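Engineer: The structure follows.
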Amino acid sequence: MGYISVPNRKPIPDINNLIEKYGNSLLRMCLIYLKDSHLAEDAVQDTFIKIHKSYPKFRGDSKERTWIMRIAINVCKNYLRSSWWKRIDETMVLENMPSNNSNDALQDEALLLEIMKLSSKYKEVILLFYYQDMKIREIAEVLKTPEATISIRLKRAREILKINLKGWYYDE
């Protein structure tokens, strides 16, 4: 990884390397979180701007990936607080996702719709656990929440999804 040297400061990694390493996973997470492809792209750009500005302050207390995900989540939360957010249709994200009209694709769309309906605290853990392949310990670091709380939120989110997808995704 290339680094840009700044006197008396921690070296800043080349932003292109960071984009290549984390760009796609950040975009997927932001897309599901924000439900709008253009807004997700903006959030990823804002995330990388914040990373570039804040990298000298990164102490290394957590993994770089964990720190970057935390920044992205905070950016998404800030977007959700804006008045523009209230005009977004929940199904907009599905228009931008590939679909092959198979039964699996329909199930994936149903699952995504239900994930998007979850409250923020449940949606976050589902996105980070299943879509970012993070461990509970890493999610706890990203969200600055105890591991036990993350485990409970993950369990409750799964229960909610199971109830909401009963007969569609879960055969019961």
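The values are calculated or read from the model by the stated rules, or taken from the named source; none is laboratory data. Please read all numbers here as calculations on a predicted model, not as lab measurements. Backbone-built Cβ (ideal geometry, glycine too); neighbour counts: all protein chains shown.
Engineer: Right, ILE32: β-branched (Val, Ile, Thr) and surrounded by fewer than 17 Cβ atoms within 10 Å (Cβ to Cβ) or not?
Structural biologist: Taking the combined requirement at face value, the residue does not satisfy it.
Engineer: Same structure again: Is one or more of the residues making up the range 65-80 in contact with a helix residue (DSSP H, G or I) (Cβ under 8 Å, 6 or more places away or on another chain) and at pLDDT below 85?
Structural biologist: Yes, the range 65-80 contains a residue that is in contact with a helix residue (DSSP H, G or I) (Cβ under 8 Å, 6 or more places away or on another chain) and at pLDDT below 85.
Engineer: At least 2 residues that are among the acidic types (Asp, Glu), buried (at least 17 other Cβ atoms within 10 Å of the Cβ) and under 17 Å from the mean Cα position of the chain (by Cα) in each: list the helices (runs of 4 or more DSSP H) lying fully within the range 106-169 that qualify.
Structural biologist: Passing ranges, in order: 136-143.
Engineer: Restricting the range 55-70 to residues that are closer than 17 Å to ASN17 by Cβ and of a type in the set (Lys, Arg), which is surrounded by the fewest Cβ atoms within 10 Å (Cβ to Cβ)?
Structural biologist: Applying the filter and picking the extreme gives LYS63.
Engineer: Now a separate question. Does ILE163 meet the test of being modelled with pLDDT of 85 or more and either more than 20 Å from ILE73 (Cα to Cα) or among the aromatic types (Phe, Trp, Tyr) (or both)? Step through it out loud before you land on a result.
Structural biologist: Numbers: modelled with pLDDT of 85 or more: yes; either more than 20 Å from ILE73 (Cα to Cα) or among the aromatic types (Phe, Trp, Tyr) (or both): yes.
Considered against the rule, which asks whether it is modelled with pLDDT of 85 or more and either more than 20 Å from ILE73 (Cα to Cα) or among the aromatic types (Phe, Trp, Tyr) (or both), ILE163 comes out as yes.
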